[in-house]
Each structure stands twice: as C-alpha cells, then as structure tokens.
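Take a look at the structure set out below.
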Amino acid sequence: AAGVIQSPRHLIKEKRETATLKCYPIPRHDTVYWYQQGPGQDPQFLISFYEKMQSDKGSIPDRFSAQQFSDYHSELNMSSLELGDSALYFCASSRDTHTEAFFGQGTRLTVV
Amino acid sequence: KQEVTQIPAALSVPEGENLVLNCSFTDSAIYNLQWFRQDPGKGLTSLLLIQSSQREQTSGRLNASLDKSSGRSTLYIAASQPGDSATYLCAVRPSTGDDKIIFGKGTRLHILP
C-alpha cells in the first residue's frame, strides 16, 4: 500500500541557509500535517492543510512557511536556518480529521 | 487546551510478561485516539486507532481501550518480546475545531531478553 513519502530523508545545511522539505500524502488524502521532533522530544505540531488551505497553525517560526499544492503534495520552506532547527520533520496525511493519520519516515535536518 | 500525558515515561520488563501503558487527556472532545510506535530515529508507525464512539480495538498482541468520559486510554501488550522495545506514543484528534494531532511525550519500553 502507498505510504506518505517525504524527501529528502536527510539534509545538512549551514546556518542562515534555506531548506525545502517535501511531503507526498497517500492518494485521496486531502489533509496534511507537519511536525517537528527534537532529540528525545515528542512531535510538536507546526501546521496543517485541508484541501490546499491552511487549517491550523502551531508553534511554527515566522522563518518557516508551508503550502499544499493542487496535487495535494506539501512543502515546508525554512529560511535563515538556526542550529536549533536541527530535528526530525514529519509529515502526516489522513482522509479527514476523523480517520487514521499516517506518518512518513521523516526528514532529518542537521544545521551546522 | 488539550493536554496528553503518558505514564510511565519509561518501563523495563522481562520478555514474556504482559504490560499496560497508560495515556490520559484533559478534554474529552475528541474524534479519535491513536497509538503509535517509534523506533529510535525512525518514523511513527500507527498501531491502533480508536474512534470516540468505540471502547477498544485489537490487533494481534495489542489491545487498546478508550474511556472518553474519564479521559483515559490504555495499551495492553501481551506476551512481550524484545522486538517490542520502542517508544509508544498516544495521540488525540480534537473535535473542537483544532485541526491537529496532539501527542503525549511517550513511554520508552525496553523488553529484557
């Protein structure tokens, strides 16, 4: 069965650089969530989209932006990267808010 | 504000034992509750989903229960195996208009061979 695909799996960037993370949800899933997980931490909600519109926003820095495209894939853009942005970034998708959410394998971002 | 708490934070048990992980949430207005497994540095694997109208779900050696009115869920693992060692996360989907999944901090489980 198709799963949530995230790319790249690993990314190394220098401070002040920009990074773009991509998420391809399961087909026919129109809801996408982005999470950040620091070492030893639980996943922290960043932002969500439903039918290509932002549906909720969490503790996402102003340096980050995200969008969902017409084919339902989503991108998380991170600018002016800081050392503290180093984390695992997860994307999840679900058919709607009532159904099971499936997570991708994550993108490990390392800022040096 | 919905908060999810998991107890214990860490647990070590000998192989073969049955065990229970606990999850509590402060607001009973939820669509569903989901249990996930996470291996170190890896992604989140969905184990069981319980809708708010359901009391329990079973999958193999796993059984999850939900008492929405008291804000509690348990994950029961029967006949534990070393391969069950991982972090188990509980998460709820609020039905109050928030479109997010709210996680607990997880229980780190170690099964001793």
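Size estimate for chain A follows the Kirkwood approach: the inverse of mean 1/r over distinct Cα pairs works out to 13.9 Å. The fewest-to-most ranking of B:42, A:22 by surrounding Cβ atoms within 10 Å reads B:42, A:22. Proximity of backbone amide H atoms, modeled 1.01 Å from N, is registered between residue A:13 and A:110, A:111, A:112 at under 5 Å, excluding neighbours fewer than 5 places apart on the same chain. Entry for chain B at q = 0.10, 0.21, 0.24 Å⁻¹: log10 I(q)/I(0) = -0.26, -1.11, -1.40, Debye formula applied to identical alpha-carbon scatterers, no solvent contribution.
Straight-line cross-link partners of residue A:52 among the lysines, defined as a Cα under 25 Å from its Cα and at least 8 positions apart when in the same chain: A:22, B:100.
The eigenvalues of the Cα gyration tensor, multiplied by 5 and square-rooted, give the protein assembly as shown an equivalent ellipsoid with semi-axes of 29, 21, 15 Å from largest to smallest.
Note on chain A: GNM, Cα springs under 10 Å; of A:62, A:96, A:71, the largest mean-square fluctuation is that of A:62. Residue by residue along A:91-104, Cβ atoms of other protein chains within 10 Å of the local Cβ number 5 on average.
Report the net charge of residues surrounding residue A:72, where surrounding means a beta-carbon distance below 14 angstrom and charges are Lys +1, Arg +1, Asp -1, Glu -1. Result for the local shell: -1. Only Cα sites of segment B:7-50 enter the Debye sum here, all with the same form factor; the resulting log10 I(q)/I(0) across q = 0.28, 0.30, 0.31 1/Å is -1.20, -1.19, -1.19, listed in q order.
Net charge of the neighbourhood of residue B:69, taken over other residues with C-beta under 13 Å away and scored Lys/Arg +1, Asp/Glu -1, is +1.
Ordered by the count of other Cβ atoms within 10 Å of each Cβ, fewest first, B:101, A:60, B:77 give A:60, B:77, B:101. Roughly how many Å is it from the Cα centre of segment B:8-67 to that of segment A:33-76, as a whole number? Using only Cα atoms, the two centres lie 24 Å from each other.
Taking the fewest neighbouring Cβ atoms within 10 Å as the starting point, the ordered list for A:28, A:95, B:37 is A:28, A:95, B:37. The residues neighbouring residue A:95, those whose beta-carbon lies less than 14 Å from its own, together hold a net charge of -3 under the Lys/Arg +1, Asp/Glu -1 convention.
Only the coordinates and a few stated rules stand behind these numbers; no lab work does. Please read these numbers as outputs of a predicted model, since none were measured by experiment. Heads up, the Cβs are rebuilt from the backbone with ideal geometry, glycines too, and the neighbour counts pull from every protein chain shown.
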